Each structure stands twice: as structure tokens, then as C-alpha cells.
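Since every read-out is calculated from the coordinates, none of them should be taken as a lab result. Treat the numbers as computed from the prediction; the structure is a model and nothing was measured. Methodologically, a virtual Cβ is constructed for each residue, glycine included, from the backbone with ideal geometry; neighbour enumeration extends over all protein chains shown.
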Amino acid sequence: MLKYISNRGGVAPVDFETAILDGFAADGGLYVPQVLPSVSAEQLQQWKDLTYLELAFEILSLFIDRSIVSADELKELLTSAYAPFEKQGIIPLQQLKSRKDTYIMELFHGPTISFKDIGLAFLVNLVNFFLQRKGQHLSLIVATTGDTGPATAYFSAGKSNIDAWVLYPKEMITPEQERQMTSLQHANIHPFAVSNCPDGGDDLDAVISKLYGNQDFKEKLQLSSVNSINWGRVMMQTVHYFYAYLQVTDQVGEKINLSVPSGGFGNLCAGALAREMGLPIKNLLAANNKNACLQRIFSTGTFSKEALINTESSAIDILIPFNFWRYLYFKVNGDSQKIKDWMDEFKASGTLQFDPQVFACYSQGFLASSVTDEQTLALINEIYSEEGYLLDPHAAVGLGASDILTDQLGDEKLVVLATAHPAKFPETIRRALNSAELPPEATHHSIESAKKLSQKVHLCEYQVLESALIHAMQSNWELTKGL
Ligand SMILES: *Cc1c(COP(=O)(O)O)cnc(C)c1O
């Protein structure tokens, strides 16, 4: 049976179900499969004509033991997870007319119109399935830079075995994203608007880590998380790399490049693992905005935390790409002692310099770049004027990074991951198009209808967030348990 271990090496191997329900490993590490499955060229060939859901079934079957989730259960979990998606095919790819061999992979056709729906639709469904089977209840807690929160809230809403606590940095996400969380009326959804967090979502993550460290509280409230710390997110996200590859290539074996607007490195970690499994990817592009943490990691070997800059691509205003540690674990052949030492050194000093050998190893097949707001706006404008296709600011960062790196990319086909619908960022679109009027591509019916609903939210100052959360979560727990 495939077991899961912590990349810090401090917990005994657990089964898939435990890894998913825990979220974090107890030693503060990230769960990884003990062995990464591999996929052969023959298998890829056989998968060439599969739909997204059929392909997801094949790939997840490599990670999930049948004794834990049967084939029928897995099919049913996938089908029900993706039922609320709006487009045939779930993840359509559009070829740009004004660029050579460039495809936009639209990952935003789920109910909260960002790529977070891809991972969370399945993961929350799976968590709920496990909880129902065990007759247990979990308190999920996530921090968001604008998209994880809405998706977690949407998929948790009304699920009686889950309470979802969703923290967001007030004023650092768009009003459209905020309403996606606050307009849900379900009693098990608890949005928290947190004022005065200088480092945005990273500050909220720090408070969540503290709650995790509070062992009594964690156990009593059955605390867990579905942010991309959770292996289930990364696992699910490997599927769209395989899918993109099979959609755009003429022949299995051909190599492609992919550009990924990145913050926490969850999406890119999935891409890197897909490549380790055997998917013929030439380059993965880490596309950063001015918060250029990955650009530093992949160009100079420096892992460091700098001050937060608010940008037009706010969902990737993230300082610490914590999923990098998961990827690095595989690049150092599972040497968890090294991972532990590096993580601890970074935590203690806020900066870390990898030695040249380690740097050479992990950066192979990666390119990185940092795109300014001016470039982002200009590119949205350019692509919309030239071909009437509207990029959201994150997809524009992805395409912008590939423009900057064009000389190093070669002739392979390029897939840019479009991680959000432009309707989540109307002010940015107005600035990009120099127009007060929004084009129809920048609107979405779900965003419009949320404006008419009443809002429910806890307001909180960052300084008192930890105690406010403990209090609110505790009383909710007692209330729902009828204590
Ligand atoms: C979360 C998010 C990203 C970044 O994904 P990571 O896995 O954190 O790198 C990119 N774009 C959008 C729109 C997002 O919401």
C-alpha cells in the first residue's frame, strides 16, 4: 500500500486517508507519497483521448489505495465534485491567434471562477466522504489571498461534518472575492475579515500555524486545513498538467513548456511532480509579480522573505512558497534531515542560501521571472485589442513571464495557466483597458448575483486574531455539539 510520510521525517508513515484528514503533518512538515508513481510513454499514449474526469480517475488511482477509496467511490467523488463546473470539458484550452503555438489553459470554470476550484472541489468532497464514513466532524481553517477562501467556503457550504473558518486580509483582496465568501448564508461557513496584516495572507498563515501548535485546542476541535499544505490539493493539481500535455501535443514524447502564475508554489509543485512522474515537460516557468520569491529561488538560489508589495495580481501577493519544500524533498532524494535543517534555518533567520550543487539540481528545467504591474496591464490591453481575448491579471503575469524569457524557451509549444476569471478583478481590467466601462468578458453572473445578497462576516484586528478565533471556534463547537 502506498503510504505517506512527512518531508521533515518526523512522523511514522500514514495511509492516504490520514494524510488528507490531518492536512499538516504533526512534525510541521508536508505529507508526500513515500514513492512517487511513474507514468510510461505507453500509458500516456493510452490516455490521449480521455476526458478530464477519466484522466483524473487514472492519475488519482496511482496515489489512492483501492482499499481506502474503491474505484466506484472514486468515480462518484470525481463526478459529483465537478458537477458544478460550467464548461464542457471542465478545463478548456484556447490557442492565442497573435502568438505562435501558445495556449491559454482556462482553469477558472468552476463555481468560484478561479483555479482553486480545481483542487478544492475534489478535496472537500473527499474530506467530507471520509468524515461521514467515520462519523466525525472537522474544523477546516484556511487563509486566503482571495481565491482559496471562496472555493473552500463554496464546497464546504451545507456539509454537516465540516465547519469552515476562512480568514482574509481586509482591503487586500477585491470586493468581488470578498462577497464570494460573505454572501453564503450557511451556518457552517465562518468568514473572518482581518484588518492590519502587513504581510497579508502570510500573516494569517502564521496565526493558523500557532493554532496548530496548540495541541489541546487542535485535538478538541479536530483542526485541519485544505490549503495547499494538504497533499490532496497538490495531487489533484497534477492532473491538469497531464491533461494540458495530452491536449496540445501531436505525439507523446514531444516536449512542452508551461508558464504558471505562482505564489505558494502549490500549482507549480504539482507540475514539477508530474514531470518527475514522467510527463515530458521541458521548462516550467515560475511567473511572479513584484513579490519575487520564486524568482530569487530559481535565479540565485536564495530563499528569503521580503516585505509584501500590493500588486494588480493580488492572489499571488505571497511571500513564502511553502510548497517548494515538498518539491525539494524529491530533488534531494528524500533526505528529510536536509529539508528539516533548511526549513528550520529559514524559520530562524528569514533567509537561506542554497549551495551551488543543490541549486543546480532543483533549478534544472525551471525558469523564473518577475513581471511588473505596468507589464501586466499593458499585456491585458494588448491581447484584448489584438484578438478580443481578455486575460485576468494572473494569466497576464504568466504570459508576461514567457515574453521576458522568450529567448531561453525554445520552439516548444507553450501553455499558460489562466488561474482566474477577469470578473474577479474589475478595477484592474478598467485600468488595463483605460475604460470605465467593463467589456462583457469582464463580468460573470455569479459575481453579479452575489452583490444582491446580504453579507455575513466577523471583523477582527490582526493583533487579536488568535484569541478571537479560539473564542469563536470554541463557542461554535459547543453550540453545534449541543453542550
Ligand atoms: C492561488 C492562486 C495562484 C497561485 O497558486 P500557488 O499554488 O499558490 O502558486 C495563482 N493565481 C491565482 C488566481 C490564484 O488564486
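Please say if segment 54-152 is rounded, prolate or oblate, where rounded means a/c under 1.5 for a ≥ b ≥ c the square roots of the C-alpha gyration tensor eigenvalues, and otherwise the choice is prolate for a/b larger than b/c and oblate otherwise? List each step's numbers first, then the result.
Values: a/c = 2.67, a/b = 1.54, b/c = 1.74.
Oblate.
Would you be so kind as to identify which of Leu377, Leu433, Thr419 lies farthest towards the positive end of the dipole of segment 282-438, taking Lys and Arg as +1 and Asp and Glu as -1 on Cβ and the Cα centre as origin? Highest projection toward the positive end goes to Thr419. By the rule of a C-alpha distance below 29 Å, with chain neighbours fewer than 8 residues away ignored, the lysines paired with Lys451 are Lys87, Lys116, Lys159, Lys170, Lys424.
Give the residue list of GluC sites (Glu not before Pro) in segment 380-456 that are DSSP loop and have at most 12 other beta-carbon atoms within 10 angstrom. Write out the running numbers ahead of the final one.
Values: sites: Glu382, Glu386, Glu387, Glu412, Glu427, Glu437, Glu441, Glu448; in loops: Glu412, Glu437.
Here the sparse-neighbourhood loop sites are Glu437.
Computed over the chain, the quotient of the alpha carbon radius of gyration and 2.2 N^0.38 Å is 0.91.
Write down Rg/Rh for segment 308-410, rounded to two decimals, with Rg from the C-alpha atoms and Rh from the Kirkwood relation over Cα pairs. If you can, show how the numbers build up before the last one.
On the way: Rg = 17.3 Å, Rh = 16.2 Å.
Ratio value, two decimals: 1.07.
Each distinct pair of alpha carbons in segment 71-127 adds a 1/r term; the inverse of their mean, the Kirkwood radius, is 12.5 Å.
Taking a quarter of the surface of the Cα convex hull of segment 76-211, what do you get in nm²?
Details: hull surface 41.5 nm².
Average projection, Cα convex hull of segment 76-211: 10.4 nm².
What is the Rg over Rh value, at two decimals, for segment 34-75, using alpha-carbon atoms and the Kirkwood definition of Rh?
Rounded to two decimals, Rg/Rh equals 0.99.
Packing order of peptides 393-399, 307-313, highest average first: 393-399, 307-313 (average count of other Cβ atoms within 10 Å over each peptide's residues).
Equivalent-ellipsoid semi-axes for segment 228-317 (Cα gyration tensor, √(5λ), whole Å, largest first): 26, 14, 12.
Nearest-5 percent of antiparallel DSSP beta bridges in the chain?
Working: 11 of 49 bridges.
Bridges in the chain are about 20 percent antiparallel.
Rg over Rh for segment 1-113 works out to 1.04, using Cα positions for both radii and the Kirkwood form for Rh. Taken over segment 411-483, the alpha-carbon convex hull comes to 255 cubic angstrom per residue. The three principal axes of the Cα atoms in segment 198-278 give end-to-end lengths of 55, 29, 17 Å, sorted in falling order. Evaluated over the Cα positions of segment 346-483, the convex hull gives a direction-averaged projected area, one quarter of its surface, of 15.5 nm².
For segment 16-60, the pair-distance distribution built from all alpha carbon pairs, in bins 10 Å wide starting at 0, is 21, 36, 27, 15, 1 percent. Restriction of the GluC sites (Glu not before Pro) in segment 10-112 to DSSP coil positions whose beta-carbon has at most 14 other beta-carbons within 10 angstrom yields Glu86.
Sparsely packed loop sites in segment 64-173 (the trypsin sites (Lys or Arg not before Pro) outside DSSP H, G, I, E and B with at most 12 other Cβ atoms within 10 Å) comprise Arg66, Lys87, Lys97, Lys100.
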